[in-house]
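For reference, the structure is listed below as structure tokens.
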């Protein structure tokens, strides 16, 4: 189970407590703010530590630059999602 937009709302902590979460996706606002300073980076680090404590892997959302990707890796984030890796694409059409 994947918990999307972690950090965007208070309910996320309840979901993390109540369900077996396999993947935690850090909300993009934290990725964008992390380069601004130690205080901002501490939020990402805390989320990574919390995810590790419950056995979840971590994805950073809205990674758009190599610098953001590098910083997320330094902070312990395992995966990234965003325009740095590829723009959203159309779904393939089936034989309907």
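Of the residues making up segment 29-65, just one is surrounded by fewer than 18 Cβ atoms within 10 Å (Cβ to Cβ) and in contact with a strand residue (DSSP E or B) (Cβ under 6 Å, 6 or more places away or on another chain), namely 57.
The sole residue among 34, 8, 51 that is in a loop (DSSP other than H, G, I, E, B) and in contact (Cβ under 8 Å) with a residue 12 or more places away in the chain is 8.
Using the structure shown, decide if residue 74 is surrounded by 11 or more Cβ atoms within 10 Å (Cβ to Cβ), at pLDDT 95 or above, over 18 Å from residue 3 (Cα atoms) and within 15 Å of the chain's Cα centre (by Cα).
Taking the combined requirement at face value, the residue satisfies it.
Note on segment 16-28: residues that are in a helix (DSSP H, G or I) and surrounded by 15 or more Cβ atoms within 10 Å (Cβ to Cβ) total 2.
Taking the condition part of a helix (DSSP H, G or I) and either touching a strand residue (DSSP E or B) at 6+ places or on another chain (Cβ under 6 Å) or touching a residue at least 12 places away in the same chain (Cβ under 8 Å) (or both), does residue 68 pass? Explain how you work it out, then say what you get.
Working: part of a helix (DSSP H, G or I): yes; either touching a strand residue (DSSP E or B) at 6+ places or on another chain (Cβ under 6 Å) or touching a residue at least 12 places away in the same chain (Cβ under 8 Å) (or both): yes.
Against the criterion (part of a helix (DSSP H, G or I) and either touching a strand residue (DSSP E or B) at 6+ places or on another chain (Cβ under 6 Å) or touching a residue at least 12 places away in the same chain (Cβ under 8 Å) (or both)), residue 68 qualifies.
The values are calculated or read from the model by the stated rules, or taken from the named source; none is laboratory data. Being a predicted model, the structure only gives us computed values, none of them experimental. In this analysis, Cβ positions are derived from the backbone assuming ideal geometry, glycine residues included, and neighbour counts consider all displayed protein chains.
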